[in-house]
Amino acid sequence: MTLRTVVCADGLPERWDPPDAVVVIEGLCDHPGRLVPALDGASGVVVGVCADTHVRGRIQAAVRRAGLDALGAGLVELPGRRGDAGHLRAVLDVAASRAAAYGGSSAANHKPVIPTAVSRRSLLRLELPEYVAVPAVDGEACVAVGGCRACAETCPADAFSRRGGPMALDADACITCGRCVTACPTGAIENPAITPASLAAEVEAIARQGEGGPPVVLTYACAAGEPAELVDGSFVVRVPCVAMLTTTWVLAPLLAGVAAVRVAACEASGCARGGDGRAADAVEAARAVLAVLGLDGQHVSARTPEHVPAPLSSTLPPGAFGPRGATAVVLALADAAEAQDVPRVEHRALDTGIVTVDGAACTTCGACAGACPTGALTFASADGAVALGFAARDCVACGQCVPRCPELARGAIAMTPTLDLEALRADPVVLKRDQMIPCENCGRPIASVDALQRVGALLGEEHAGALALAGRFCTTCRQGPFGVRATAAEPAAR
Amino acid sequence: MTAGGWLAATRLRQGVYRLCGAAFLPPEDDRVALLASSEGALEALEPDAFPFAAALRRFLGAVRDAPPTDVLEGEYIRLFEAGVDGALCPPTESFHTTAARHGGPAEVDAVLESTYADIGIVHRSGTVVTPDHISVELEAMAFLCAEEAGAREADDLAAVADSLRRQHRFLREHLARWAPVFLADVRRTSRLEVYRDLAEATEAFVRHDHVLVGALVRAARQEVGA
C-alpha cells in the first residue's frame, strides 16, 4: 500500500521539522483541491487539517477525485503554532497505521451529515455534507435466521429490521453509535471506520510510541464529542460513541503495551447515543477483572489516572478486538499477572459468560444450542443419546440462548456474564444428557425422553393416547398420504 | 456550499435518476449512444462531492466499451424478462414487496399511479413498462428533483422543503425499500459488466440519496419548522 500523509501548512507547530514522507501544502484547508495532485499514485491517505476548519466534506471530495475511498482517509486535527511537534509526528504515525489497515467500504457504508443550520435560509446554502461511516450487515455471517437479535436489542434508534433473511440496517435511521458492531456475536456487522483490524493496528502503533520512553496512556473518546482533555503522552482513539466500548476493548490495549486506558465518557452531555451508563459499566467491569487478577486498577479509569503504572505486556493476542476476542484477552491478562487461584467474578458488562441448565426443567430440545451464534452451546446426538454441551471459551455472553428456551419460565437456562478462568481454560462440559426416542417405523429420532415427558405433563391424562402415538412415530410416519393419520397401533401406510 | 452548489447537486441527482432510469429500459442503439455521451454532462456537475461518483464513472466506462446492442438485448431479456439460467431479476416493485405474487402487482400499481398523480405525473398506458418498473420510479424521482431545482432557482425555501419531503416519502415507501435487493440480484447474476456496473451505480446512488434526502428533510424541519 502506498500511503501518503499530507498536512496543511497553516496548522503546523512552529518547531515542525517535517519528515520526508509528509507532504506539506500551503493553504490546504482553504483550497482542498490542492490535495488531488499530491495523491497521485497513492492508495491511502492521512490528511492533517486545521483544528477550526469546516472543510472535511471538501477534503473528502478531493480524496474521491483522486480515486480513493474517502471513508478510509485518516483526518488528523493539527495543533497549530503552539503545538507539540513530537506528539504530532507520533499522532500522524498512528493515523497512518490505522489508515493502512483500512479494509474498504461499500455503498451501504456512507452516511452524509448535513452541517447544522446556523442561519436563516441556510438550507439553500448548506456546506457540502461530510460523510461518516455507517455499519453494514454481512448477510452471510448474520445468524438472525437462527433467532439472534443482538443488534436490534442494543440499537437505540430502532434501525434494524428483518424480513425473513439477515438483519437489515436502515442507514437513514442509524445514528452511527456503533453499539451493534460490538454487540454482534459473529462480527457480521462491520463499520469500515473502526474494524477489529484497524483498531488493533492503531492500538499497536500507539503502544509503539511508548517504547524507550514514558509509558503511554490511551484515551477512548467519542468522535462527535469535544476533544478529550489529555494527559502527557496520551493518545486519543476516536470511536463513534463510547457506549460501543466493551470490557474487552477497554482491556485489550493493555496487552499491546499501552500502560493505561482511559474512557472519556460523555454520557452526561445528553447525547442521544449514550446516556445509559454503558461506558461506565465497561470501565467498572474492566477494573473488576484487574482487581481479581491482582493488577493495578489505575490501568483503567474513567478519568485521568492518579498514576500511570508500568505496561503489562507487549503482545496483543490475534483477534483481540474481534467478536470472540474476550477469552484470549482475559487469559493473556491472567498470564501477564501470573494470577493463581482466581475467584469467579460476575458483572453485567463482562464479555465472557457461563451458561447453566436446570436438569429437571430442561427438556433437551436443543433450541438454545440452535440459537447460540458462536457455537458455545452444542447439541450432539449419537447412538440414541443426546448431549447439550457448553464451551465457556466460546461464550461471548450475548445471552441469545436464554429467550429461545421454551422452558424459560421454569428456569431451565441461565446465562451469567462471568469471568471464570478455570472454565475458560477447561474443555467443554456436558450440561445435560438425555436419550432420544426413535420412530418405530423409520428409526429417525422423535424427541428426547424429557421432552416427551414434559409434553405428557402438559397434555394431561385425557390425551394419553395422542402422547402414546407421538412417542412411537415421528411426524412424517404419523401422517400418511392424503393426511390419513396413524393409530397408536400402526404407522400410516406410505 | 453555495446556493448554486446545491442547485448543481440537485441537477446532478436529477440527471443520475434519469440516466439510471433510461439504462433500465430495453437497450436500443439511440438510447445506448445517449448514455455513452452523458459522461461530459456528469463531470460538469462535479460528482466527486458524493461517494457514488466512482461507481457512476465505472458504469459510463462500461457503456463506452459495451458489446453491440443485440448482445445487450439478449442479456436484458435474460435478466429482466425471461429469467434464463436462474437469472430471475424482475425490475418491478411488486415482485419484491408482495408476499403473494398473484393479485399483488395490481395493488402496487394502483398505489403508485395514485402517488404519481399526487406528484403531478401520469404513467402512460400502453408503454412497455408497468408503473412499478424501476425505470418509472427512477423517472418519478427525477421529476421531483427537477421540481426541487426549480424551487432552489426561485429561492423558495418552503417549496424546497416540500419537495424534499415528497422525495423522502417516495424513497422510503417505494424505491429505497426494494431497489437495493433487486440491484444486488442483478449484480450477482449479470454476465455483462455493463449491467453489473449499472446495478452497482444505481444501488450506490439510491442508498445514498435516501439517506441524503432524509438528512436534508431534517435540516429543513429545523430551518422552516416544516
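Which is at pLDDT below 90, within 14 Å of chain A (Cβ to nearest Cβ) and closer than 25 Å to B:Ala184 by Cβ, of B:Pro51, B:Pro47?
On the way: B:Pro51 fails: at pLDDT below 90.
Of B:Pro51, B:Pro47, the one residue that is at pLDDT below 90, within 14 Å of chain A (Cβ to nearest Cβ) and closer than 25 Å to B:Ala184 by Cβ is B:Pro47.
If you check B:Ala55 against the conditions, is it surrounded by fewer than 19 Cβ atoms within 10 Å (Cβ to Cβ), among the small types (Gly, Ala, Ser) and within 18 Å of the chain's Cα centre (by Cα)? Here the answer is no, as B:Ala55 does not meet what is asked. Checked against the criterion of being within 14 Å of chain A (Cβ to nearest Cβ), more than 17 Å from the chain's Cα centre (by Cα) and surrounded by fewer than 21 Cβ atoms within 10 Å (Cβ to Cβ), the range B:35-43 has at least one qualifying residue. The residues of the range A:145-170 that are crowded, with 23+ Cβ neighbours inside 10 Å and either in contact with a Phe, Trp or Tyr (Cβ under 9 Å, 6 or more places away or on another chain) or within 21 Å of A:His110 (Cα to Cα) (or both), listed by number, are A:Cys151, A:Met167. Quick one: is A:Ala107 within 12 Å of another protein chain (Cβ to nearest Cβ), under 21 Å from A:Pro196 (Cα atoms) and out of contact with any Cys (no Cβ under 9 Å at 6 or more places or on another chain)? In short, yes. Screening A:Glu77 with (1) outside any loop (DSSP other than H, G, I, E, B); (2) among the charged types (D, E, K, R); (3) farther than 27 Å from A:Ala200 by Cα; (4) in contact (Cβ under 8 Å) with a residue 40 or more places away in the chain gives one miss only, at (3).
Taken together, the residues in the range B:162-176 that are within 14 Å of chain A (Cβ to nearest Cβ), within 15 Å of the chain's Cα centre (by Cα) and not basic (Lys, Arg) amount to 7.
If you go through the range B:200-226 and keep only what is more than 8 Å from every other protein chain (Cβ to nearest Cβ) and over 18 Å from A:Ser105 (Cα atoms), you end up with B:Val213, B:Val217, B:Arg221, B:Gly225, B:Ala226. If you filter the range B:125-161 down to residues that are more than 12 Å from chain A (Cβ to nearest Cβ), of a type in the set (Asp, Glu) and part of a helix (DSSP H, G or I), you find that the one that is nearest to B:Asp185 (Cα to Cα) is B:Glu137.
For the range A:18-30, indicate whether the set of residues that are touching a residue at least 60 places away in the same chain (Cβ under 8 Å) and outside any loop (DSSP other than H, G, I, E, B) is non-empty.
Just the residues of the range A:18-30 that are touching a residue at least 60 places away in the same chain (Cβ under 8 Å), to begin with: A:19, A:22.
Still in the running and outside any loop (DSSP other than H, G, I, E, B): A:22.
Yes - at least one qualifying residue is present in the range A:18-30.
Does at least one position in the range A:41-61 carry a residue that is part of a helix (DSSP H, G or I), of a type in the set (D, E, K, R) and within 14 Å of chain B (Cβ to nearest Cβ)?
Taking the range A:41-61 as the starting set, the residues that turn out to be part of a helix (DSSP H, G or I) are A:56-61.
Add one more test, that the residue is of a type in the set (D, E, K, R), and what stays is A:56, A:58.
Going one step further and asking which of them are within 14 Å of chain B (Cβ to nearest Cβ), we end up with A:56, A:58.
Scanning the range A:41-61 turns up at least one residue that is part of a helix (DSSP H, G or I), of a type in the set (D, E, K, R) and within 14 Å of chain B (Cβ to nearest Cβ).
Does A:Gly366 count as at positive phi and either touching a Phe, Trp or Tyr at 6+ places or on another chain (Cβ under 9 Å) or modelled with pLDDT under 95 (or both)? Explain how you work it out, then say what you get.
Working: at positive phi: yes; either touching a Phe, Trp or Tyr at 6+ places or on another chain (Cβ under 9 Å) or modelled with pLDDT under 95 (or both): yes.
In short, yes.
Determine whether A:Pro417 is surrounded by 19 or more Cβ atoms within 10 Å (Cβ to Cβ) and in contact with a Gly (Cβ under 7 Å, 6 or more places away or on another chain). If you could, list the steps in order and put the result at the bottom.
Working: surrounded by 19 or more Cβ atoms within 10 Å (Cβ to Cβ): yes; in contact with a Gly (Cβ under 7 Å, 6 or more places away or on another chain): yes.
Taking the combined requirement at face value, the residue satisfies it.
When the range A:372-396 is filtered for residues that are closer than 20 Å to A:Val330 by Cβ and surrounded by fewer than 22 Cβ atoms within 10 Å (Cβ to Cβ), the ones remaining, listed by number, are A:Thr374, A:Gly375, A:Ala391, A:Arg393, A:Asp394.
Each row is one residue, and each column tells you yes or no for (1) assigned to a helix (DSSP H, G or I); (2) surrounded by 14 or more Cβ atoms within 10 Å (Cβ to Cβ); (3) modelled with pLDDT of 80 or more.
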{"position": "A:Asp434", "(1), (2), (3)": "no, yes, yes"}
{"position": "A:Ile437", "(1), (2), (3)": "no, yes, yes"}
{"position": "A:Ala447", "(1), (2), (3)": "no, yes, yes"}
{"position": "A:Asp450", "(1), (2), (3)": "yes, yes, yes"}
{"position": "A:Gln453", "(1), (2), (3)": "yes, yes, yes"}
{"position": "A:Leu458", "(1), (2), (3)": "yes, no, yes"}
{"position": "A:Leu467", "(1), (2), (3)": "yes, yes, yes"}
{"position": "A:Phe482", "(1), (2), (3)": "yes, no, no"}
{"position": "A:Glu490", "(1), (2), (3)": "no, no, no"}
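Checked against (1) outside any helix (DSSP H, G or I); (2) of a type outside the set (Phe, Trp, Tyr); (3) surrounded by fewer than 15 Cβ atoms within 10 Å (Cβ to Cβ), B:Leu25 meets all criteria but (3).
Can you name every residue in the range B:177-199 that is within 11 Å of chain A (Cβ to nearest Cβ) and either in a loop (DSSP other than H, G, I, E, B) or surrounded by fewer than 24 Cβ atoms within 10 Å (Cβ to Cβ) (or both)? Even if it seems obvious, please write down each step before you answer.
Taking the range B:177-199 as the starting set, the residues that turn out to be within 11 Å of chain A (Cβ to nearest Cβ) are B:177-178, B:180-181, B:183-184, B:187, B:199.
Of everything in the range B:177-199, those that are within 11 Å of chain A (Cβ to nearest Cβ) and either in a loop (DSSP other than H, G, I, E, B) or surrounded by fewer than 24 Cβ atoms within 10 Å (Cβ to Cβ) (or both) turn out to be B:Arg177, B:Trp178, B:Pro180, B:Val181, B:Ala184, B:Arg187.
Looking at B:Phe24, B:Phe59, just one residue is in contact with a strand residue (DSSP E or B) (Cβ under 8 Å, 6 or more places away or on another chain) and under 25 Å from B:Asp132 (Cα atoms), and that residue is B:Phe24.
The values are calculated or read from the model by the stated rules, or taken from the named source; none is laboratory data. None of the values given here were measured: they were computed from a predicted structure. Positions of Cβ are generated from backbone atoms using ideal geometry, with glycine treated the same way; all protein chains shown enter the neighbour counts.
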